[in-house]
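Enquirer: The following block contains the structure, expressed as structure tokens.
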Amino acid sequence: MQLTVNGSPTPLADGATVADLVAERGGGHDRVAVALNGDVVPRSSWPATRLSPGDTVEVLAPTAGG
Amino acid sequence: MTTSELAPALGQQEAADPFSIGGETFSSRLLLGTGGVPSLEVLERAVRASGTQLVTVALRRVEASSSASMLEVLDRCGVRLLPNTAGCRTAREAVLTARLAREAFGTSWVKLEVIGDEHTLLPDAVELLDAAEQLVADGFTVLPYTTDDPVLGRRLADAGCAAVMPLGSPIGSGLGIRNPHNIALLREAVSVPVVLDAGIGTASDAALAMELGCDAVLLASAVTRARDPERMALAMRSAVEGGRLALRAGRIPRRVHAQASTPMLGLPDL
């Protein structure tokens, strides 16, 4: 299936969950936050939250900032 | 009592001058931003030299974010994290970013930024107040980056914000405090802590903020982009402490003409 992850078209296996996506795209960060179609997905819900074709996902991590 | 007995007693007394935000007490009145820091080593040196206990951080797409070790450095320094909503332009974006930051950093504290103009990065007052109300209702400890407008400051405090953080001048400009009168008025207008945020260029700006009655100073670029960030962090620490002491000591009134400090009585007729 085709999703938009961090602004880029991204193919993902059917039935993939948010946890699967973070494992693939999390970059080793242990403090990642995920927004799915404009809503926060709490970490505890990642394994049970299945992604759907056309979903828009933001995978965010800490960085320096004022 | 001799002078030698008095001096250390006063020094010890002045060293304990804490302030509180959202029920948390801090002995350092300097908040440090991490934006613009050239390396993690410099970050650690600057944080330690500053004596800060509260440090701002941000969230970005994972591929653009800095290495995970930044948080290890900050953990090692024992500072509390204050996530920001930098880059948000609407209340909706800022509220979502704050909720994401709560997930990522495990804190419900947020430096709320809602920017209304890309060139000046000035706050959007309408969106800011809207976002502040939503986040307070959601249980956040909200520290809004705002203009130096005392009326808006009061509205933010009335909305339940834990502090009000007016700019001295635009973010990263180093122009100092352009309207000291407004900062003093804002200090009078609210009972929550006032943190001078943005525009600090050098140590005298930070000292002025404290002399105007601000409870603390938040700065980033002035330290992280200085030629020697560690030394500037130490300068800011001294300036904040000096300005605070001067406020508490009570400055002399300004006069148009001179007032001799040496008595005229007993002046010899030469």
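Enquirer: Treating the protein assembly as shown as a set of equal point scatterers at the Cα positions, no solvent, please give the Debye-formula log₁₀ I(q)/I(0) at q = 0.11 Å⁻¹.
Expert: Once normalised to I(0) and log-transformed, intensities are -0.74.
Enquirer: Would you please give the FRET efficiency between A:Thr4 and B:Arg178, computed as 1/(1 + (r/R0)^6) with r the Cβ-Cβ distance and R0 = 45 Å, to the nearest 0.05?
Expert: Details: r = 42 Å, r/R0 = 0.94.
Once the sixth-power term is evaluated, E becomes 0.60.
Enquirer: Where Rh is the Kirkwood radius over the Cα pairs of chain B, the temperature 4 °C and the viscosity 1.567 mPa s, what D in µm²/s does Stokes-Einstein return? Mind showing how you got there, number by number?
Expert: On the way: Rh = 19.6 Å.
Taking Rh from Cα pairs, D becomes 66 µm²/s.
Enquirer: Enter the buried accessible area of the B/A pair, total of both sides, probe 1.4 Å, in Å² rounded to the nearest 100.
Expert: Summing both sides, the interface buries roughly 2200 Å².
Enquirer: Taking the solvent-accessible surface of protein heavy atoms with a 1.4 Å probe, what is the per residue accessible area of region A:2-60 in Å²? Could the numbers behind the result be given before it?
Expert: Details: 2870 Å² over 59 residues.
Accessible area per residue: 49 Å².
Enquirer: Any idea what angle helix B:125-137 forms with the longest principal axis of chain B, computed on alpha-carbon atoms, 0 to 90 degrees, nearest 10?
Expert: The answer is roughly 80 degrees.
Enquirer: Between region B:202-254 and region B:92-121, how far is it from one alpha carbon centroid to the other, in angstrom?
Expert: When both Cα centres are located, 26 Å separates them.
Enquirer: So for region B:121-257, Kirkwood radius off the Cα pairs, Stokes-Einstein at 10 °C and 1.306 mPa s: how many µm² s⁻¹?
Expert: Once the numbers are plugged in, D ends up at 104 µm²/s.
Enquirer: Tell me, what % of the accessible area of region B:27-249 is carbon and sulfur with a 1.4 angstrom probe?
Expert: Details: 4260 of 8840 Å².
Within region B:27-249, the accessible surface is 48 percent carbon and sulfur.
Enquirer: Now a separate question. Computed over the Cα atoms, what is the radius of gyration of chain A divided by 2.2 N^0.38 Å, N being its residue count? Write out the running numbers ahead of the final one.
Expert: On the way: Rg = 11.4 Å, N = 66, 2.2 N^0.38 = 10.8 Å.
Relative to the 2.2 N^0.38 Å estimate, chain A comes out at 1.06.
Enquirer: From the helices alone, meaning DSSP H stretches of at least four residues, give me the mean residue ellipticity at 222 nm for chain B, per-run term -39500 (n - 2.57), in deg cm²/dmol to the nearest 500. Write down the numbers at each step before the final one.
Expert: Values: 10 runs with 114 residues, N = 270.
Mean residue ellipticity at 222 nm (helix-derived): -13000 deg cm²/dmol.
Enquirer: If you don't mind, another one. What is the dipole size for region B:43-108, taken about its Cα centre, with +1 at each Lys and Arg Cβ and -1 at each Asp and Glu Cβ, in debye to the nearest 20?
Expert: Details: 10 positive and 6 negative charges, 38 e Å.
Computed about the Cα centre, the dipole is about 180 debye.
Enquirer: Turning to a different aspect of this structure: Where both partners of a DSSP beta bridge lie in region B:58-191, what percent of those bridges are antiparallel, to the nearest 5? Mind dumping the intermediate values first?
Expert: On the way: 1 of 8 bridges.
Restricted to region B:58-191, the bridges split so that about 10 percent are antiparallel.
Enquirer: For chain A, give the percent of accessible area contributed by carbon and sulfur heavy atoms, probe 1.4 Å, rounded to a whole number.
Expert: Details: 1510 of 3000 Å².
Percent of accessible area from carbon and sulfur atoms in chain A: 50.
Enquirer: Can you pull the accessible area of B:Val37 for me, 1.4 Å probe, Å² to the nearest 10?
Expert: Accessible area of B:Val37: about 40 Å².
Enquirer: Output the antiparallel fraction of DSSP beta bridges having both residues in the protein assembly as shown, as a percent to the nearest 5.
Expert: Numbers: 21 of 43 bridges.
The antiparallel fraction comes to roughly 50 percent.
Enquirer: Another one. Please work out the average accessible area per residue across chain B, using the 1.4 Å probe convention, and give it in Å².
Expert: Details: 13280 Å² over 270 residues.
Accessible area per residue, chain B: 49 Å².
Enquirer: Using R₀ = 25 Å, calculate the FRET efficiency as 1/(1 + (r/R₀)^6) where r is the Cβ-Cβ separation of B:Thr25 and B:Glu188; round to 0.05.
Expert: Values: r = 23 Å, r/R0 = 0.94.
That pair, B:Thr25 with B:Glu188, gives E of 0.60.
The values are calculated or read from the model by the stated rules, or taken from the named source; none is laboratory data. Since we're looking at a predicted model, the values are computed, not measured. With ideal geometry, Cβ positions are generated from the backbone for all residues, glycine too; neighbour counts draw on all protein chains shown. Just so you know, the surface numbers come from the protein's heavy atoms only, side chains and all, with ligands and any DNA or RNA stripped out. Shrake-Rupley method; radii C 1.70, N 1.55, O 1.52, S 1.80 Å.
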